1. Given bins 5 angstrom wide, list per bin the percent of all Cα-Cα distances in region A:4-148, short to long.
2. Which percent of the Cα-Cα distances in region B:154-247 go past 22 Å?
3. Of all DSSP beta bridges located in the protein assembly as shown, what percent are antiparallel, nearest 5?
4. Please report the spacing between the Cα centers of region B:305-361 and region A:151-176 in Å, no decimals.
5. Label-to-label distances across copies for A:Lys140, with labels 7 Å out along Cα→Cβ, in nm, shortest first?
6. Trypsin sites (Lys or Arg not before Pro) within region A:67-154: which are DSSP loop residues with at most 16 other Cβ atoms inside 10 Å?
7. As a check on your reading of the symmetry: which chain B residue has its Cβ nearest the axis that brings B onto A, and how far is it in Å?
8. What number comes out for the charge environment of A:Asp150, summing +1 per Lys or Arg and -1 per Asp or Glu over other residues with Cβ under 9 Å away?
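Bear in mind these aren't lab numbers, they're just calculated from the coordinates by the rules spelled out. Note that the coordinates shown come from a computational prediction; the quantities given were computed from them, not determined experimentally. No Cβ is skipped: glycine too gets one built from the backbone with ideal geometry, and neighbour counts run over all protein chains shown.
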2 protein chains.
Amino acid sequence: MKKRQIAILGSTGSIGTQALDVIRQHSDTLEVYAMTAHNQVELLIQQAREFMPDTVVIANESKYELLKEALSDLPIKVWAGSDAIAQIVEAEPIDMVLTAMVGYSGLQPTIHAIQAGKAIALANKETLVIAGELITRLAKEHKTLVLPVDSEHSAIFQCLAGEWENPIDKILLTASGGPFRNFSWEQLKHVTKNEALKHPNWNMGAKVTIDSASLMNKGFEMIEAKWLFGVQPEQIQVLVHPQSIIHSMVQFRDMSIKAQLGMPDMRIPIQYALTYPSRFKSNFEPVDFTQFNQLTFEEPDTNRFRNLTFAFEAIRQGGNMPCILNAANEIVVEAFLKDQIGFLEMSEIIEKIMQSGTFVASPAYEDFVETDKETRNKTTVILKTK
Amino acid sequence: MKKRQIAILGSTGSIGTQALDVIRQHSDTLEVYAMTAHNQVELLIQQAREFMPDTVVIANESKYELLKEALSDLPIKVWAGSDAIAQIVEAEPIDMVLTAMVGYSGLQPTIHAIQAGKAIALANKETLVIAGELITRLAKEHKTLVLPVDSEHSAIFQCLAGEWENPIDKILLTASGGPFRNFSWEQLKHVTKNEALKHPNWNMGAKVTIDSASLMNKGFEMIEAKWLFGVQPEQIQVLVHPQSIIHSMVQFRDMSIKAQLGMPDMRIPIQYALTYPSRFKSNFEPVDFTQFNQLTFEEPDTNRFRNLTFAFEAIRQGGNMPCILNAANEIVVEAFLKDQIGFLEMSEIIEKIMQSGTFVASPAYEDFVETDKETRNKTTVILKTK
């Protein structure tokens, strides 16, 4: 049997390294054709030596020589720059592209991969947040399969197996609630970067961990769910479920609900996308219900976690508003990680930016590029006045 | 569109009346072709006048004249006797047979319906408990769809939609634990019929309610699951879940679990079977997770609820042993409902009967008839010495 050829965009990140662990366990059926990284050249070298891909790409061009030199004894092609990433995904032998880079940078290569007819294992949720309408339309035109990797969307996708003819009544999008679930407004004001980086259940990259603490991640996931599953925002109910065992649920119109559960281990949804529609046996831990003997639910508090409301408002308005939301968020998260602003200031700035952004009702790709640039500049200016 | 023609065996029971409520809500697509009852002739007359089936059958032949007379102004055929029930299911226009009678009596008409190529909506779990190997083989031979109606097996079946190529790693069969979940051995000795008939979550017939209180129902469901889903007894884990919101779960070999949830309303699984593979909108209540905000799990206590162990032992031995288990259980439940024996005595007698039963390794239909008769006689004799 021909091995499934995979391109991993963002192989040195949290999703990328876990995807490589999955591929390592199933090297009889899965193979890495290309791997790309933003900046972590040392880890990329090590990964390339182990997985022997056809091509590696480093986005940061200043690291090119180092990478090239380190792999010079191997028959691996070495490229650099973000245009090279957008190009490599089009290579003929590639079957599936795992988009696991951070933020806005995922948009362009995802579009290229869809246009080249590659199946997408979508871990970069910002792609759909920014340009859900465009991506969904392109995927339809090119008959491309978009498989969600986010644990919640993988859960929903798994629940929909065999049910595509049955309309969704409601999506129950579960949320751990993050490390600050029970913090008061006053406490939230003073939380530190290190506290925010300690997620109670999931081990993830810095950006998504901060987004989880601020519930922006859940807001983005609402937008992502709208595009992936063709539902209206009103059909998505966010449900705080602190144990992170139920990864999301779908209610059908007969009031029957299907849920997907598992340990909070991203390798399970990553593997499901990489091996879809098969399920492979791996070394993943099963849920022990005598240990996880109490699963609880509560409503999210949108007074303390205002980002959920902003995300809902952004999908409601549509157009380039989710792109504005995303760009502002990327800048304020960076600022928070550099201790330049406090935790609650992130939402305050996002609110201002959304109110003053230039609205484009039916944006094309170029409008997203423009909106992203403009919003980043404006947000940076506001940060400088702090 | 041609309406789906349904035969309801046991229309006056709990499942039967709820099935009629479903059909009432979807009279544009579902139609009752035949309805049968054991003894409740007054209710059968009322149902026949409302649903206007082609044929009605009363098992108790002494009620035939009364039924015939009451429907004499309508173009409804009236039959009587259990052979007539086994015959009517073969009628050409019938698409699906809902087997909702109690106990052993379901076996013969189910076999006839399968041989006539009718889809089966199986609510009579005793059929599979007694003769799972035979029924499964016949269904395969006749390419007959067997759709489970039991909420747990419907849940498992729903979880398997779109997953039939993926092997089951484990079934997590949930159990409410019944009204006596936290009772001590001493308390169990003295429980009354009326206490046992009050199920905390489900509104069901008397026989299955007592079986739920004694956990024999869960034991039967293990056997049923083995035959419906082709798993080994060791792959079935019974999990006490007192809220009865998760109706069961399937773990796949990637340690991903799918669950089906819903309010404890039998109309949901009944409708799923009747309208399969579609899901129809009805007046069913959705789960409100702000109310059911805590789902809990615990291991069953097989020291207090020994029937679970007997059921496991019966599947392990196979042959006619589950038939012996079922017949003994039917007799002791009747005796308990007549206040002839105590709650714990039911298990004691079943244990004795299983130890002294005549074992047949590869029983044919006639062996089941013989085993059932012999076991009932032996159990009745033991009861007389009490």
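1. For region A:4-148, the binned pair fractions read 2, 11, 22, 24, 20, 13, 6, 2, 0 percent.
2. Of all Cα-Cα pairs in region B:154-247, 34 percent lie more than 22 Å apart.
3. Here the share of antiparallel DSSP bridges comes out near 30 percent.
4. What the calculation gives is 42 Å, centre to centre.
5. 4.4
6. Listed in order of number, the matching sites are A:Lys143.
7. Here the nearest residue and distance are B:Gly162, 1.
8. Neighbourhood net charge equals -2.
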